[in-house]
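The next block holds one structure in the form of structure tokens; read it before the comments.
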Amino acid sequence: MYRSLFPRDVFAEMDRLQRDLQQAFDLSPSIRGFARQGFPALNVGGTPTSIEIYAFAPGVDPATLEVSLERGLLSIAGERKSVLPPAEAKASVHINERFDGKFRRALSMPEDADPDGVQASLRDGVLHVTVKRRAAAQPRRIAVQ
């Protein structure tokens, strides 16, 4: 009797296929971000003096990253190389859920974002972008006399 090293269950394969198809056409948010164009996953927040963006991009070479702010649109672009063996190696890949290739994410910035006050750093696979707010737009306390 022949037994495969990786037994295949027809119903499990059908379930996987259904999830893959649903993910391909689903535009609702999930744990991995949006089904399409969801890499890198983002956290965006703010303080009275800045807008803080965290892009989770493990395995991305800092030399391939490009961060730009133009006309109120912050763009994060780059490329993550594949860690799979090349096709000529004739290796079998059983599961490949990691994204590789070129990516671009764009965020609309508020009116008080200062294009001259943008800083970006990459540490442990997390890109941290800080966009300063213009001083005129920051709240200030006015003394009553």
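Structure values in brief
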quantity	calculated
Residues located in segment 51-61, provided they are farther than 18 Å from Ala106 by Cα and in contact (Cβ under 8 Å) with a residue 60 or more places away in the chain	Pro58, Gly59
Verdict on Leu107 being at pLDDT 90 or above and within 16 Å of Gly38 (Cα to Cα)	yes
Among residues of segment 80-100, those that are under 16 Å from Gly38 (Cβ atoms) and either over 25 Å from the mean Cα position of the chain (by Cα) or surrounded by 10 or more Cβ atoms within 10 Å (Cβ to Cβ) (or both), counted	4
Single residue of His94, His128 found to be in contact with an Asp or Glu (Cβ under 9 Å, 6 or more places away or on another chain) and either touching a residue at least 24 places away in the same chain (Cβ under 8 Å) or outside any loop (DSSP other than H, G, I, E, B) (or both)	His128
Yes/no for Val60 being closer than 30 Å to Arg16 by Cβ and touching a Gly at 6+ places or on another chain (Cβ under 9 Å)	yes
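The values are calculated or read from the model by the stated rules, or taken from the named source; none is laboratory data. These numbers come from a predicted model, not from an experiment. Cβ: placed from backbone, ideal geometry, glycine included. Neighbour counts: every protein chain shown.
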